[in-house]
Each structure stands twice: as C-alpha cells, then as structure tokens.
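Following: one structure in structure tokens, then a few remarks.
FYI, it's all coordinate maths here, none of it is from the lab. Since we're looking at a predicted model, the values are computed, not measured. Quick reminder, even Gly has a Cβ in these numbers, built from the backbone with ideal geometry, and neighbours come from all protein chains shown.
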C-alpha cells in the first residue's frame, strides 16, 4: 500500500515530527550529501527537478483535495501530536514547490493545525502573501533552515550566510524559526553556524549524515562540540535536540576512545 501524502514518518524523520506531508519529489539544490540521492531512495526521490507526486494526484487541485480529506480525517490526532512537517522529499519553498505547499499550509493553519517548514530557500521572503500568512498564524507556524557551513556541497542553494540572514529577518518579524544542523559535515563548521544564530534562534536540532557511519567523524571533535553547544545553550536559553545519530556516535565511541575519562 502506498504511503499517503500525510503520514507518520519512520526512522530519523520521525525525530522531527509525528506527522509529515510530502507533495513533491526531487529537489534543485544539488546537495551532494542528500539522503534522497543515495541508497534505497535514490531512484524514487532523487531527481534534480521537483515534480508533484503521483500519490498527490498529479495536479495541485487534486493534491489539495487529498490533503484536506486526510487532514480532516485525522484532525484531532494530528493536532494532539503537534501538527505537520513539510517536507522530507524536497525543499517545500522552491519556485517549483511553493504553490502546493502554501495551498496546504494555509488550509492547515486556518484549521488551527501547527505547521513546521524546513527549507534552504530564501527568495519567498519577498512574497507578501506568504509572509502575511505566516505572521497571521505565527502562534502555529515554525520555519526552519538547514545550516551546514558548506556551500560547496550545496551548489544550487542559497549560501548559508544568506539563510542565516533570512532566519534573522523572520525572527525580527516575530515568525518563529528553528535551525536544522543536519547533516553535520564536520563539527567545527556546525559549531560556527550555531554560534552565528545563537543570539536569536532558540530551537536547534542536530544530526549526522545519513546513512549512519561512525567512520566519518572524530569522537574528540564531537566531544568538544557537544560541550560547547551545551554551554552556549545553557547561557542563551536555547533548546537543543541531539538526534539519535549523534547520540549513538557519542555513546558508542566514548567506550573505545582512549582520551575518554
């Protein structure tokens, strides 16, 4: 049975939200580390050109109709579980994806359903209709930006610094923001990103590259990173969520690291 467009994510995705919505497949950012381009998902989700999914009906009208039907059916449960996350199969705020995203987000917000949106796109902050929608429902919407500190691995995405500026602008507009420090390419770069946003971003989520491999990272760097992030979080009242991948790496490798005391 095919997964519907509103569904319960599994694995690492489930750490972001209990409910997700995927309307599109494919992404034009060209990120070399993207989990949708490697492994078992590469053939079905890894295209460079976003397109609306067949399970979404193949058109915006049908996608919205299916979204409404599924949301109405599970409305109470979705609200109790904290709302809906957009999206695990693309950037939902691309030129090619924003139309369907905003149609569904608007319906959800007007029904009182919390929404999280994770993006790298910045262009849409110039769209007054989107900004007004988010501002009017700022008690329900949260906009997240992925920050890696490695523009060279995200060749068609806006630079990390531009994303940080967009986060700052949203925060200045009283629209809640969060940061996805995932994937961690290397710990010093991720720490630099966190240091830049610590003054205004109070919700930070951190995870390693997928699929998990302990060989990619140095435990001592991880140890220093966690110590500095925890110190910063304590002093700035920041909520930090370490995903299972980084907690697993730290725990498993602490047992064999000769410098661990």
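Brief remarks follow.
- With each label modelled as a point 7 angstrom along the Cα→C-beta vector, the residue 10-residue 152 pair spans 3.7 nm.
- When the alpha carbon gyration tensor of the chain is reduced to an equivalent ellipsoid, the three semi-axes, largest first, read 30, 21, 18 Å.
- Label-point gap, in nm, between residue 81 and residue 200 - each point 7 angstrom along Cα→Cβ: 3.3 nm
- The chain: calculated mean residue ellipticity at 222 nm from DSSP helix runs of at least 4, using -39500 (n - 2.57): -11500 deg cm²/dmol
- Once the C-beta distance of residue 221 and residue 123 is scaled by a Förster radius of 35 Å, the resulting FRET efficiency is 0.50 to the nearest 0.05.
- Kirkwood analysis of segment 47-189, using all unique Cα-Cα pairs, places the hydrodynamic radius at 16.0 Å.
- Sorted fewest first by neighbouring Cβ atoms within 10 angstrom, 73, 55, 215 come out as 215, 73, 55.
- Taking 0.36 nm per residue of separation and subtracting the current Cα-Cα distance, fully stretching the chain between residue 96 and residue 165 would add 22.6 nm.
- Reciprocal mean inverse distance between Cα atoms of segment 108-261 - Kirkwood radius, Å: 16.6 Å
- Rounded to 5, the percent of DSSP beta bridges in the chain classed as antiparallel: 15 percent
- Of the residues 146, 32, 101, the one that moves most in a GNM of the chain with alpha-carbon contacts below 10 Å is 32.
- Nitroxide proxy distance, nm - points 7 Å out along Cα→Cβ at residue 107 and residue 173: 2.4 nm
- Note: segment 10-120, Cα convex hull, 100 Å³ per residue.
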